[in-house]
Amino acid sequence: MRIAIASDHAAFDLKAELGAHITSLGHELIDLGPATASSVDYPDYGYKLAEAVASGVAERGVALCGSGIGISIAVNRNPALRCALVSEPLSAALSRSHNDANAIAMGARLVGPEMAKACLEAFLAGEFLGGRHTGRVDKLSNPTL
């Protein structure tokens with residue numbers, strides 16, 4: 001699977017750690033930056049990640065900032081994205097099975113590296129259940145349904 005990852009400066013170290021974990025799991029990594037820990041604006045990187053997933057360059061996305069909140073809001077501005085803010089594996093798994101999330105967000109100041117890896121693994125392993133969830137997920141991108 002092709003996985004895009006992006007962060008702000010607060011999550012730069014976690015991005016590097018999760019990027020290495022993604023490749024160790026056998027996935028292709030698309031690192032959208034930043035390239036250094038210098039201060040950047042999280043919306044810029046959230047928008048890059050959303051575009052990569054929406055365009056099909058990446059199949060799934062991982063968005064990181066200090067809290068995970070700001071970058072998840074930026075990613076979700078793109079109507080093709082369903083980015084779930086997660087902090088433990090159950091939420092990550094449910095984001096896939098119930099919401100067909102194509103991206104997750106985490107906060108580097110709130111979630112440690114081992115928990116972030118567990119969330120990532122649950123997210124990547126999850127599959128959308130469809131069925132009763134399909135119509136609800138369709139409404140996320142088209143509220144007039």
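Counting other beta carbons within 10 Å of each Cβ, put SER87, SER7 in order, fewest first. Numbers along the way, then the final one.
Values: SER87 16, SER7 32.
In increasing order of surrounding Cβ atoms, one gets SER87, SER7.
With +1 assigned to the C-beta of every Lys and Arg and -1 to the C-beta of every Asp and Glu, and no other charges, what is the dipole magnitude of the chain about the Cα centre in debye, to the nearest 20? Each step should come with its number before you reach the end.
Values: 12 positive and 15 negative charges, 91 e Å.
Dipole size: approximately 440 debye.
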Q: Name the residues whose placed amide hydrogens come within less than 5 Å of the amide hydrogen of ILE30, ignoring near sequence neighbours (fewer than 5 apart) on the same chain.
A: ILE3, ALA4, ILE5
Q.
Given the -39500 (n - 2.57) contribution per DSSP H run of 4+ residues, what per-residue ellipticity at 222 nm results for the chain, rounded to the nearest 500 deg cm²/dmol?
A. -13000 deg cm²/dmol
**Q.** Full-stretch length increase - SER55, GLU88 - with 0.36 nm per residue and alpha-carbon distance subtracted
**A.** 9.1 nm
Q) Say each of ARG77 and ARG2 gets a label point 7 Å from the Cα, pointing the same way as Cα to Cβ; how far apart are those two points in nm? A) 2.3 nm
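What length, rounded to one decimal in nm, is gained on full extension from ALA35 through to LEU140, with 0.36 nm per residue of separation minus their alpha-carbon distance? Intermediate results must be reported in sequence, preceding the final value.
On the way: separation 105, 0.36 × 105 = 37.80 nm, distance 3.25 nm.
Using 0.36 nm per residue and subtracting the Cα-Cα distance, I get 34.6 nm.
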(Q) Please enumerate, by chain and number, the aspartates and glutamates with C-alpha under 12 Å from the C-alpha of LYS15, excluding those fewer than 8 residues away in the same chain. (A) ASP31
Q: Starting from the Cα of LYS139, draw a straight line to each of the aspartates and glutamates and keep only those under 17 Å, dropping any in the same chain fewer than 8 residues away.
A: ASP100
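Among SER39, SER91, what is the fewest-to-most ranking by other Cβ atoms within 10 Å? Could the numbers behind the result be given before it?
Working: SER39 9, SER91 16.
Lowest to highest Cβ neighbour count: SER39, SER91.
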Q) Which is farthest toward the positive dipole end of segment 60-145 among GLY66, MET115, VAL137, measuring Cα position about the Cα centre, with Cβ charges +1 (Lys, Arg) and -1 (Asp, Glu)? A) VAL137
Q: Can you grab the distance from the C-alpha centre of segment 13-72 to the C-alpha centre of segment 86-137, Å, no decimals?
A: 15 Å
Q. Under unit Cβ charges (Lys, Arg +1; Asp, Glu -1), what dipole magnitude, rounded to 20 debye, does segment 24-70 have relative to its Cα centre?
A. 80 debye
Q: Would you order ILE71, ILE104, ILE22 from fewest to most other beta-carbon atoms within 10 Å of each residue's own beta-carbon?
A: ILE22, ILE104, ILE71
Q | Of the trypsin sites (Lys or Arg not before Pro) in segment 70-145, those whose Cβ has at most 13 other Cβ within 10 Å and which sit in DSSP loop | A | ARG77, ARG109
**Q.** Inter-site label distance for LEU110 and ASP44 at 7 Å from Cα along Cβ, in nm
**A.** 2.4 nm
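For segment 85-145, which GluC sites (Glu not before Pro) are both in a DSSP coil and crowded by at most 12 other Cβ atoms within 10 Å? Walk me through the intermediate numbers first.
On the way: sites: GLU114, GLU121, GLU127; in loops: GLU127.
Those satisfying the criteria are GLU127.
Readers should treat all values here as calculations from the given coordinates under stated rules, not as data from a laboratory. It should be emphasised that the depicted structure is a prediction, and the values quoted were computed from it without experimental measurement. Don't worry about glycine lacking a Cβ; one is built from the backbone with ideal geometry, like all the others, and counts go over all protein chains shown.
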